[in-house]
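**Q** Dumping the structure here so I can ask a few things about it.
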Amino acid sequence: MGILNDDAVLIEPGKISGDPTIVTVNCPDESGLGSTLCRIILEFGLSITRADFSTDGRWCYIVFWVTPDISSPRIDWDSLKNRLLSACPSCLGSFYFCLQSNVSKPPSLYLLKFFCRDRKGLLHDVTKVLTELEFTIQRVKVMTTPDGRVLDMFFITDAMDLLHTKQRQTKTCDHLTAVLGEHGVSCELELAGPELESVQRFSSLPPVAADELFGPDGFDNSGSSSNKAVLTVDNQLSPAHTVLQIRCVDQKGLFYDILRTSKDCDVHIAYGRFSSKVKGYRNLELFVRGTDGKKIVDPKHQANFCARLKEEMMCPLRVIIVNRGPDTELLVANPVELSGKGRPRVFYDVTLALKSLGICIFSAEIGRHSTLDRQWEVYRFLLDESREFPLASLRARNQVVDRVTKTLMGW
């Protein structure tokens with residue numbers, strides 16, 4: 001396959017302020033590579049405004065036009081390049097070879113635990129630090145004591161794979177201490193062993209809440225209308241590919257959702273164009289093939305793939321508020337990839353939305369929930385009641401769901 005150099009990933013800043021940055025990836029191909037690259041871009045708080053990609057099954061050429069989200073003004077472009085290079089299926093010199101050699105191993109899981117005085121927005125401020133340091137939050141347990149202190153336990157993995165080093169651990173604790181300030185009490189970081197598995201267990205969802213999130217009637221955060229996503233399948237335009245034309249409402253992570261769904265459905269994209277947004281809508285054109293390398297001609301296969309794709313585009317995340325005894329609980333769910341990975345930055349966006357509303361989080365946890373055909377990642381937030389935001393009010397609850405949904409979807 002050969003050895004790539006740094007030119008496998010090129011990052012070109014926009015010519016003037018406000019112009020998108022152009023990210024070009026030119027490397028050997030592998031199944032699901034486009035989805036992996038989009039996932040990394042999403043992890044860095046970037047939105048894909050345009051994209052062009054092509055592959056012959058052995059080599060791929062992809063161009064992304066990206067802009068930072070409003071909540072992510074600072075982007076470490078060098079780190080983004082390193083992450084994208086590490087995802088390319090090739091040896092990239094001694095440093096990148098070490099990264100690539102570890103791809104097949106699951107990343108080490110660490111427990112970050114700190115105990116401090118509570119304040120509004122604390123959970124999001126901590127999450128922001130962890131995100132900027134390129135940690136992925138796998139599980140979390142947040143508990144508030146009666147005297148106004150919080151015990152936060154984050155189970156995290158390190159995208160840099162350096163958390164075993166003293167330097168990386170010290171840097172992490174220093175950044176957190178700077179954020180916690182006078183509210184900080186203690187901060188501990190350790191490798192999570194089997195004895196900590198019980199701490200990660202997720203309490204089961206109440207049947208009523210599970211039915212509302214995953215029930216057979218489907219779900220739409222936005223008040224579904226029939227023209228939010230239109231898919232057209234054509235087997236006449238290309239002699240070797242099925243052409244899929246898509247028109248849908250724009251949202252954060254749209255390109256990622258399309259590519260991850262295609263990967264999980266074993267649909268291979270040979271060429272695609274993700275056009276710029278026009279009046280809130282996106283147009284996409286994908287040239288695809290099945291696992292046998294041929295057109296997708298079976299009507300049942302076409303219908304199943306289009307139905308799944310439409311569902312993932314229109315409703316990649318589900319947000320509801322339910323009663324949990326006398327308390328109010330916010331539930332957010334997203335599908336888990338077949339690879340076992342959840343959606344990036346969900347915890348970040350939810351805590352940001354709640355902070356912007358001035359709502360305190362009494363407890364929080366992340367877990368998995370299985371339905372008949374798939375697995376879901378579920379985020380549970382027990383919300384604090386306040387005079388400024390009476391959560392017993394239907395209007396206030398709808399406002400919370402609306403703000404969280406819009407933050408997650410980039411609307």
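The values are calculated or read from the model by the stated rules, or taken from the named source; none is laboratory data. Note that the structure is predicted; figures quoted are calculated from it, not measured. Using ideal geometry, Cβ is built from the backbone for each residue, glycine included, and neighbour counts are taken over all protein chains shown. Note: accessible area is taken over every heavy atom of the protein model, side chains too, but ligands, DNA and RNA are not part of it. Shrake-Rupley method; radii C 1.70, N 1.55, O 1.52, S 1.80 Å.
**Q** At 222 nm, what helix-only mean residue ellipticity would the chain give, in deg cm²/dmol to the nearest 500, using -39500 (n - 2.57) for each DSSP H run of four or more? Please report the intermediate quantities before stating the final value.
**A** Details: 11 runs with 123 residues, N = 411.
Computed mean residue ellipticity for the chain: -9000 deg cm²/dmol.
**Q** Hey, could you get me the Stokes-Einstein D for segment 9-87, Kirkwood radius over alpha-carbon pairs, 20 °C and 1.002 mPa s, rounded to whole µm² s⁻¹?
**A** Values: Rh = 12.8 Å.
Here the translational diffusion coefficient equals 167 µm²/s.
**Q** Still on this structure, please answer the following. Taking all protein chains as present, what is the carbon and sulfur share of the accessible area of the chain, in % to the nearest whole number, probe 1.4 Å?
**A** The computed percentage sits at 53.
**Q** Given an 8 Å cut-off on Cα distances and at least 6 residues of separation, report the relative contact order of the chain as a percent.
**A** 16 percent
**Q** Sort D152, D174 by heavy-atom solvent-accessible area, probe 1.4 angstrom, most to least.
**A** D174, D152
**Q** Taking a 1.4 Å probe, which of L357, L331 shows the most accessible area, and what order do the others take after it?
**A** Numbers: L357 25, L331 0 Å².
Result of the area sort, largest leading: L357, L331.
**Q** Starting at the first residue of segment 22-30, write each ³J(HN,Hα) from the Karplus equation 6.51 cos²θ - 1.76 cosθ + 1.60 with θ = phi - 60°, in whole Hz, x for Gly and Pro.
**A** Taking θ as phi minus 60°, the curve returns 9, 10, 10, 10, 9, 7, x, 9, 7 Hz for segment 22-30.
**Q** Can you list the lysines whose alpha carbon is less than 22 Å from that of K120, not counting same-chain residues fewer than 8 positions off?
**A** Here the lysines satisfying the reach criterion relative to K120 are K128, K141, K355, K406.
**Q** Going highest first, how would you order 236-244, 375-383, 63-71 by mean Cβ packing within 10 Å?
**A** The densest-packed peptide leads the list: 375-383, 63-71, 236-244.
**Q** Hey, any idea what the orientation-averaged projected area of the convex hull of segment 317-410's Cα atoms comes to, in nm²?
**A** Its Cα hull, projected and averaged over all orientations, spans 6.3 nm².
**Q** Across segment 227-318, how many lysine pairs, 8 or more apart or on two chains, come within less than 22 Å at their alpha-carbon atoms?
**A** 16
**Q** Heavy atoms only, probe 1.4 angstrom, no DNA, RNA or ligands counted: give me H124, H175, H164 ranked by accessible area, highest first.
**A** From most exposed to least exposed: H164, H175, H124.
**Q** Which whole-number value in Å² is the accessible area per residue of segment 317-410, probe 1.4 Å? Could the numbers behind the result be given before it?
**A** Details: 3900 Å² over 94 residues.
Here the per-residue accessible area is 41 Å².
**Q** What FRET efficiency comes out for R119 versus L237 if R0 is 51 angstrom and r is the Cβ-Cβ distance? Round to the nearest 0.05.
**A** For R0 = 51 Å, the calculated efficiency reads 0.30.
**Q** Rolling a 1.4 angstrom probe over the protein heavy atoms, how many square angstrom per residue are accessible across segment 10-68?
**A** For segment 10-68, the solvent-accessible area averages 43 Å² per residue.
**Q** Then there's this: Tell me, what is the 1.4 Å probe accessible area of F287, in Å² to the nearest 10?
**A** Answer for F287: close to 50 Å² accessible.
**Q** Suppose the chain between N398 and V179 were pulled fully straight at 0.36 nm per residue; how much longer would it get relative to their current alpha carbon spacing?
**A** 75.7 nm
**Q** Skip the ligands, DNA and RNA, and give the accessible area per residue of segment 229-312 with a 1.4 Å probe, whole Å².
**A** So segment 229-312 comes to 47 Å² accessible per residue, rounded to a whole number.
**Q** A follow-up question, please. For the chain, find the longest principal axis of its Cα atoms and tell me its angle to the long axis of helix 122-132, 0 to 90°, nearest 10.
**A** 40 degrees
**Q** Further question: Taking Cα atoms, how many degrees apart are the long axis of helix 254-264 and the longest axis of the chain, rounded to 10 and kept between 0 and 90?
**A** Approximately 70 degrees, to the nearest 10.
**Q** Here's a follow-up. If R₀ is 45 angstrom, what is the calculated FRET efficiency for the pair K277 and R387, using the beta carbon separation as r and rounding to 0.05?
**A** Calculated transfer efficiency: 0.65.
**Q** While we're on this one: Using Cα atoms only, what is the angle between the long axis of helix 166-180 and the major principal axis of the chain, expressed in degrees (0 to 90) to the nearest 10?
**A** Computed tilt is about 60 degrees.
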